[in-house]
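These notes are about the structure you will find just below.
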Amino acid sequence: MVLPGKRMHEVSKRVEQYPNLFSEIKIAGSRLRNRIALPATVTNLARQNRITEGYKNFLIERAKGGVGMLISEVIAVDPNAIAQPAIVTGFDDANDADFADLASRVNREGAALVGQLWHPGKQQLWGATSSPMGVSNQPDAYSWTVPRVMTNGEIEGVVSAYINVAAKLSSLGYNGVELHGAHGYLINQFLSPWSNLREDLWGGSVENRIRFAVQIAHGIKTEAGKDFIVGLKMPGTEEVEGGIDPDEAERLTKALTATGAFDYFAYGQGNFSLSLESHVPDINYKPGHFLEIHKKMKKAAAGVPVMALGRISTPEEAESALTAGQGDLIGMTRALIADPDWPKKAEAGVSRYIRPTTFDNVAWGLVHQGKPLSDHLNPLVGLAGESGWTPPQTKTPKTIAVVGAGPAGLQAAWIAAARGHDVTLFGRRLGGALDLEKQLPGRSDMGRIIAWQKLMAEDAGVKFRLGRLASEDEVRDSADTIILATGADQRWPESVAPTNEPVLSAREFDIAKWTGRKHRVILFDQDQTAAVYGLADLLASQFKEVVLMTPRPQFAEGVNYCSSIGVFRRLYSAGSMLLPAAIPVAFKNGNVSWSNPYIGSLQMIEDVDLLIYATPRSPRLSLSYAMQDLDLIRVGDCQSPRPLIGAIHSGHAAGLQV
């Protein structure tokens, strides 16, 4: 592995900081080189239910990066499990050649490959499948789809479908399968008393509710042999009344272990109710939030390995979980999306160079929208050569000025410098607007992006000129090429008449100037991203009432669905007033008039101390206009205001372009 940076050669020997994490473990017939596992995650890199090179690259590059066991994204076991075109099929032979190729290439890199077998049952995340079916006739809590109740014959048919796909994967070189029985999908629907209301041999007692999973597992062992891994992902808690809680999960685990059918257990949280928030615990959860549940399950599993997962990001956290008896394997999805070389960097003792994940769930949001998986700091997801990637060296070194030290400018600066250019970075504030965001409640982990970019820039030899923006003359005289990353400003809300009352943009608000419990603040939301709701949380600590307005009929459209549940929970818990379909019109004498944009009706809110707006942004272009005659590249918001991931990726592209 090639590790980026001029000083990384200083650490050349293996550093034994994490003896448990890098110890071997035997799962069925496979000996894993370490305890690091990639849990399954949908990438949307498949096309028309067929495996692509991008699909394969995602797994192969993480095998190259040192992961011990990789669990593929979901594989549909029958036609009714096809939820959308990026779900690959296992029940036909269309993907067989690619399954075999993928298994061979992953194994060649020293990793074990496990296929996650899946049927959604009644759960419909993307849209209704051709004929939704379920264990009982309860509606899906997310889509309100009402399934048909499965007959005994249909249940037995799906059992056979799981077994057949697993047997095929075994013949094609896979090391095992994981049965997806978490997050409210079909196996979970059988396991849970919340969703399983049957009164026949498939429902009621623990023994009956595990029957579906156990018959599948025994059938796979019969067809594929004892050395073929059969894992089960199931809930550690569903966080719904009457569902699987940690005590019920413990009972289920003991019963499942007693069958001898399973080689490891992994535990998720939540189902498709509002508890889906905990499915991918975000930036507002503490590190390793659910690990004590996994510790309880490890005891119940009585020697069957347990995978600890859920908001683990650093080697120290992973080692601690193993040492504390919270698991035998460490599952990390978001950390390994950000950096496929996480294992190799940790083992080499250079974990500070691991690209950080922020747990703001940007990747989950992209996938839910049907877009390909990506990450703030890793635009290479799905590409060959992602593992060990370093910026290619330039043949024509230049002197480059990067004006603007936000995340787009920082990314451009370190990439260009690592390529061999002489780079100077000018800016008022390192991190730009992201440095403000990291100071908001629940947003501190966003600072990891800035810290990592700064490390990479220092390592690449970038010269910093902070505390001010460069003048036109200074830039003209000092660089062959200029990268402008000067950002953007939130524009005055067009619906609001000019006023002398206190009105600030979200980025201008300074909590230090508003100490003491004030009466009422209005936050006008035309942004709908997580940072705005972090500001709302901050305002709730200083004002008796926070009123949120948006012209749209709902809030948080720019927040992934799982995290948006937490946004609403915090807003309502703080007593905030939410006014959808509302725009402020005038602010006079402490009173704000507002209108419904659909019908034009006017209403009044009295005793308002402050109006804050988070509106569409206008690029800062004064330097751009003044230097159009130069070799100039615009990146980030000054090129086109956009979400953070787009800004960083534009800086990355500019660093490669110069």
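The values are calculated or read from the model by the stated rules, or taken from the named source; none is laboratory data. Because the structure is a prediction, the values reported are computed rather than measured. Note: ideal-geometry Cβ built from the backbone for every residue, glycine included; neighbour counts use all protein chains shown. Keep in mind that these areas ignore ligands, DNA and RNA; they rest on the heavy atoms of the full protein, side chains included. Shrake-Rupley method; radii C 1.70, N 1.55, O 1.52, S 1.80 Å.
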ask   = Along region 328-343, what does the Karplus equation 6.51 cos²θ - 1.76 cosθ + 1.60 (θ = phi - 60°) give for ³J(HN,Hα), rounded to whole Hz, x for Gly and Pro?
value = 10, 10, 10, x, 9, 8, 5, 5, 7, 5, 5, 8, x, 8, 3, x
ask   = Given 25 °C and 0.890 mPa s, how large is the Stokes-Einstein diffusion coefficient of region 227-276 in µm²/s, with Rh as the Kirkwood radius over Cα pairs?
value = 212 µm²/s
note = Taking a crude spin-label model, label points 7 Å out from Cα along the C-beta direction, the Gln393 to Thr222 distance in nm is 6.2 nm
inquiry  = Sorted from largest to smallest, which semi-axis lengths in Å does the alpha carbon gyration tensor of region 426-545 give for its equivalent ellipsoid, taking the root of 5 times each eigenvalue?
reply    = 33, 19, 12
request  = Using the structure shown, select from Lys122/Lys298; Lys233/Lys254; Lys254/Lys299; Lys168/Lys226 the pairs with a Cα to Cα distance greater than 18 angstrom.
outcome  = Lys122/Lys298
request  = Working from Cα positions, state the angle (0 to 90°, nearest 10) between the long axis of helix 644-657 and the longest principal axis of the chain.
outcome  = 80 degrees
query = Which percent of the accessible area of region 376-476 is formed by carbon and sulfur heavy atoms (probe 1.4 angstrom)?
reply = 50 percent
Region 132-171 - percent of accessible surface contributed by carbon and sulfur, probe 1.4 Å = 55 percent
ask   = So, by mean Cβ neighbours within 10 angstrom, what's the order for 274-285, 327-338 with the highest one leading?
value = 327-338, 274-285
query = Sorted by average packing, counted as other Cβ atoms within 10 angstrom per residue and highest first, what order do 239-246, 495-502 take?
reply = 239-246, 495-502
ask   = Counting only residues 5 or more places away or on other chains, whose amide H sits under 5 Å from the amide H of Leu32 once H atoms are built in the peptide plane?
value = Ile25, Lys26, Ile27
request  = Calculate, for the chain, the solvent-accessible area per residue in square angstrom, rolling a 1.4 angstrom probe over the heavy atoms of the protein chains.
outcome  = 37 Å²
key: Net dipole in debye of region 144-293 [+1 Lys, Arg Cβ; -1 Asp, Glu Cβ; about Cα centre; nearest 20]   = 460 debye
message = So if each residue of separation counts as 0.36 nm, and I subtract the Cα-Cα distance between Glu207 and Ser541, what length gain in nm does that give?
response = 115.3 nm
key: Burial ranking of peptide ranges 437-446, 526-535 (average Cβ count within 10 Å, highest at the top)   = 526-535, 437-446
key: Amide H partners (placed H, <5 Å) of Val88, local residues excluded   = Ala76
ask   = Angle, helix 530-540 long axis vs. longest principal axis of the chain, Cα atoms, 0 to 90°, nearest 10?
value = 70 degrees
request  = Return the distance in nm (one decimal) between the two label points of a simple spin-label model at Lys463 and Asp92, each offset 7 Å from Cα along Cα→Cβ.
outcome  = 6.2 nm
query = Using the eigenvalues of the Cα gyration tensor, what equivalent ellipsoid semi-axes result for region 450-609 when each is taken as the square root of five times the eigenvalue, whole Å, largest first?
reply = 36, 20, 17
task = Set the Förster distance to 45 Å, then compute FRET efficiency between Glu494 and Asp101 from the Cβ-Cβ distance, nearest 0.05.
result = 0.25
Computed log₁₀ I(q)/I(0) - Debye formula, equal Cα scatterers, no solvent, region 523-593, q 0.14, 0.18, 0.21 Å⁻¹ = -0.41, -0.67, -0.90
inquiry  = Counting C-alpha atoms alone, how compact is region 129-219: give Rg to one decimal and Dmax as a whole number, in angstrom.
reply    = 13.6, 40
query = Per 10 Å bin from zero, what fraction in whole % of the C-alpha pairs of region 326-397 is there, up to the bin with the longest pair?
reply = 17, 43, 29, 9, 1, 0
inquiry  = Compute the orientation-averaged projected area for region 533-647 from the convex hull of its Cα atoms and round it to one decimal in nm².
reply    = 10.0 nm²
Separation of the Asn20 and Lys299 label points, Cα + 7 Å toward Cβ, nm = 1.6 nm
message = What FRET efficiency comes out for Lys518 versus Ser601 if R0 is 35 angstrom and r is the Cβ-Cβ distance? Round to the nearest 0.05.
response = 0.80
C-alpha long axis of helix 152-171 to longest principal axis of the chain, angle in ° = 80 degrees
query = Using θ = phi - 60° and the Karplus form 6.51 cos²θ - 1.76 cosθ + 1.60, what ³J(HN,Hα) does each residue of region 430-447 get, whole Hz, x for Gly and Pro?
reply = 5, x, x, 5, 5, 5, 6, 4, 5, 8, 7, x, x, 10, 4, 5, 5, x
3J(HN,Hα) from dihedral phi, region 105-119, Karplus parametrisation 6.51/-1.76/1.60, rounded to Hz, x for glycine, proline = 6, 5, 4, 4, 8, x, 10, 8, 10, 10, x, 8, 8, 8, 9
ask   = Name the GluC sites (Glu not before Pro) in region 459-506 that are in a loop by DSSP and that have at most 10 other C-beta atoms within 10 Å, would you?
value = Glu494
task = Please work out whether region 382-454 counts as rounded, prolate or oblate from its C-alpha gyration tensor, where a ≥ b ≥ c are the square roots of the eigenvalues and a/c under 1.5 means rounded, while otherwise a/b larger than b/c means prolate and anything else oblate?
result = oblate
